[in-house]
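Since the structure comes first, as structure tokens, the remarks are kept for the end.
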Amino acid sequence: MGAGKIVKVSGPLIVAEGMGESRMFEVARVSEKRLIGEIIELHGDHAYIQVYEDTSGLGPGEAVESTGQPLSIELGPGLLQSIYDGIQRPLNVIYGQEGHYITRGIDMPGLDRRAKWDFVPNADLNEGDEIGAGDILGEIQETALIVHRIMVPPTIRKGTLVRKPEKGSYMVEDTVAEIRTDDGIEQVLLFHRWPVRTSRPVVKKLVPEKPLVTGQRVIDTFFPISQGGTATVPGPFGAGKTVIQHQLAKWSDAQIIVYIGCGERGNEMTDVLQEFPELVDPATGHPLMERTVLIANTSNMPVAAREASVYTGITIAEYFRDMGYNVAVMADSTSRWAEAMREMSGRLEEMPGEEGYPAYLPSRIAGFYERAGRTICLGKEGRIGTMSVIGAVSPPGGDLSDPVVQATLKVVKVFWSLEDQLAFERHFPAIGWLSSYSLYHDNLANYFRNEVEEKWEEMRTEAMGLLQKEAELKELVRLVGLDSLSDQDRVILETTKSIREDFLHQSAFDPDDAYTRLLKQFRMLQVILELHHKCIKAIEKRTPLRKLLDLPVREKITRMRLVPESELDSFDAILEDIDTQVTDRSHENRTGEDEVQGGDRREVD
């Protein structure tokens with residue numbers, strides 16, 4: 001611990017002298033108001049402190065004290081359904097005590113010290129058993145949806161159980177077990193603390209093999225993300241970044257959602273805070289908040305706290321991953337975090353990189369996303385947990401050459417490119433199919449082939465090829481007009497129009513269209529491509545194009561996204577209608593040709 005005095009105040013940056021005993025990334029308390037800060041640079045006995053609260057009114061000479069501890073958060077029962085700020089202060093508790101404004105320097109524990117939890121011990125444990133980090137001591141039914149597993153903290157590597165856990169009602173500071181280690185007797189509480197900048201240890205990282213099913217057709221079919229994968233959603237203002245993250249939080253098959261509102265506008269976080277407690281988890285019928293943790297750090301909160309909010313959120317997510325859950329982290333948006341880094345770098349007078357961002361921007365972003373993954377967790381059970389990270393990026397004017405976007409693209413495996421033109425056309429999700437990509441296709445191919453449909457990858461590839469062909473044909477139409485295209489090319493344009501309007505476009509307000517299971521996605525695409533194949537064959541047999549463009553079955557295809565999941569058999573009827581109607585039109589054409597040819601023969605005779 002070190003104690004010093006302020007010599008300089010520059011916005012959220014405080015410079016203090018007399019801090020020679022301090023270390024990097026230690027938490028410091030600034031002035032008599034006890035403002036929370038973190039040491040981000042040391043020069044001799046001068047410490048440069050990033051303060052996570054408003055520094056107005058501070059001046060040289062005021063006291064600064066280093067706590068000797070890194071910025072850490074509390075991990076234990078009570079995290080779910082909580083709403084925290086960037087440094088894990090419970091905003092709902094503060095609101096109840098302080099009202100609409102947070103008093104500077106207020107210090108509240110992240111977990112309720114008075115709440116009691118019904119603890120059920122692991123029946124397989126006995127005194128004298130060898131036990132170590134990650135082993136499960138017992139369970140708590142934290143919400144109706146989630147069982148909270150109490151584990152031996154990673155700080156206790158290996159030891160002998162000298163006091164086994166017992167069933168009962170405990171508060172988070174109560175001891176549930178004692179372990180004898182080489183350093184003496186360690187008491188295990190219901191919670192433990194963990195430094196946010198340090199990723200939690202795992203046994204091994206595994207190759208992702210299952211998709212994070214989102215129910216959004218453009219994502220699951222064309223640009224899937226795996227459980228334990230990384231994705232970024234860059235786009236201009238109004239293109240729907242936040243809406244997509246809300247949809248993924250509600251509909252994805254992750255068991256735990258950690259939503260980080262990093263520097264977003266207050267009204268957007270207000271929507272989250274108002275809507276999430278009212279949303280119903282579609283899989284269980286329970287409130288969505290029962291499996292959600294919210295980190296609220298809005299644009300009018302201190303800039304420096306954006307960095308803390310990002311690390312706080314991902315550390316909470318790692319904790320639930322270690323229990324063996326599939327966790328999804330929504331970071332909205334990492335651009336605000338990068339802007340905070342740029343401001344702090346400027347105040348530190350560091351050599352600026354591209355567009356003023358610090359030179360270490362790519363490494364910080366990479367370090368954040370690399371904490372994602374599918375892992376074998378610590379513990380005898382060999383639990384497998386996953387943590388997926390989906391970060392929104394808000395480049396100025398939607399410019400994808402922005403340094404934050406480029407640094408993010410170098411590390412993530414999925415790129416969902418939001419396009420303002422699609423948003424203006426009210427095509428949602430506004431993910432551009434020509435510029436987006438996913439690098440998980442090879443990893444997930446076996447899952448789609450074995451668990452959904454054998455021809456999944458074949459159909460996806462064909463549909464993407466048609467969409468790319470459409471872009472070429474549209475360019476040709478702009479130059480020489482629609483009449484210059486062959487009938488086969490006109491059929492391609494009709495098919496891709498159906499893919500765009502009947503498959504990729506999705507309404508978040510229709511209960512049958514907001515979420516689409518994988519099998520229904522396959523059947524929808526199967527219907528569109530089957531009509532395409534039949535029409536191409538009919539054209540080759542000289543059936544007039546106009547007879548194929550007004551088929552009655554096309555109306556059923558436009559409504560197939562509204563087919564309930566329980567009535568997928570109706571797709572078989574649509575396929576039969578396609579076969580019948582195209583065959584009839586082709587037959588009509590051949591009959592007409594025969595009559596014309598017969599008439600010609602009679603005239604010759």
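The values are calculated or read from the model by the stated rules, or taken from the named source; none is laboratory data. Computed from a predicted model, the values in this text were never measured in an experiment. In this analysis, Cβ positions are derived from the backbone assuming ideal geometry, glycine residues included, and neighbour counts consider all displayed protein chains. We work out accessible area using only protein heavy atoms, side chains counted, and drop any ligands, DNA or RNA first. Shrake-Rupley method; radii C 1.70, N 1.55, O 1.52, S 1.80 Å.
Tabulated results
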| item | result |
| --- | --- |
| Inter-site label distance for GLU457 and ASP54 at 7 Å from Cα along Cβ, in nm | 5.7 nm |
| Rounded Å value of the spacing that divides the Cα centres of segment 47-110 and segment 163-221 | 24 Å |
| Distance violations [Cα-Cα > 22 Å] among LYS534/LYS556; LYS241/LYS455; LYS116/LYS380; LYS241/LYS410 | LYS241/LYS455; LYS116/LYS380 |
| Label point distance in nm, GLN488-ALA144, each placed 7 Å from Cα along Cα→Cβ | 5.8 nm |
| Accessible area per residue, Å², the chain with all protein chains present, probe 1.4 Å | 44 Å² |
| Helix-only mean residue ellipticity at 222 nm for the chain, each DSSP H run of n ≥ 4 adding -39500 (n - 2.57), per residue, nearest 500 | -10500 deg cm²/dmol |
| Length-normalised contact order for segment 231-328 - Cα pairs under 8 Å, 6+ apart - percent | 36 percent |
| Heavy-atom accessible area ranking, 1.4 Å probe, most first, across PHE222, PHE25 | PHE25, PHE222 |
| Förster radius 35 Å - calculated FRET efficiency between ILE376 and GLN97, Cβ distance, rounded to 0.05 | 0.25 |
| Ordering of 84-90, 542-548 by packing [mean C-beta count within 10 Å, highest first] | 84-90, 542-548 |
| Of all DSSP beta bridges in the chain, antiparallel share, percent nearest 5 | 70 percent |
| Accessible area of GLU425 in the full protein assembly, 1.4 Å probe (Å², nearest 10) | 110 Å² |
| Where trypsin sites (Lys or Arg not before Pro) fall in DSSP loop in segment 391-470, at most 11 other Cβ within 10 Å | LYS410, ARG426 |
| Calculated P(r) tail over 28 Å for segment 188-346, as whole % of Cα pairs | 22 percent |
| Trypsin sites (Lys or Arg not before Pro) restricted to DSSP loop in segment 479-535 with at most 16 other C-beta within 10 Å | ARG517 |
| Potential lengthening between ASP271 and LYS116 on full extension [0.36 nm per residue; Cα-Cα distance subtracted] | 52.7 nm |
| Length-normalised contact order for segment 397-437 - Cα pairs under 8 Å, 6+ apart - percent | 34 percent |
| Solvent-accessible area, 1.4 Å probe, carbon plus sulfur percent, for the chain | 48 percent |
| Cα centroid separation - segment 357-391 against segment 239-256, whole Å | 19 Å |
| √(5λ) per eigenvalue of the Cα gyration tensor, the chain, largest first, Å | 55, 29, 19 |
| Square roots of 5 times each gyration tensor eigenvalue, C-alpha, segment 1-137, largest first, Å | 36, 22, 10 |
| Theoretical gain in end-to-end length, GLU555 to GLU186 [0.36 nm per residue, Cα-Cα removed] | 125.9 nm |
| Solvent-accessible surface ranking, highest first, for PHE448, PHE428 at 1.4 angstrom | PHE428, PHE448 |
| Solvent accessible area, Å² - HIS246, 1.4 Å probe, full protein context | 30 Å² |
| Residue-level accessible surface for ASP281, protein heavy atoms, 1.4 Å, Å² | 10 Å² |
| Ranking by accessible area, most exposed first, for TRP117, TRP337 with a 1.4 Å probe | TRP117, TRP337 |
| Whether segment 188-266 is rounded, prolate or oblate, judged on the alpha carbon gyration tensor where a/c under 1.5 counts as rounded | oblate |
| Length-normalised contact order for the chain - Cα pairs under 8 Å, 6+ apart - percent | 12 percent |
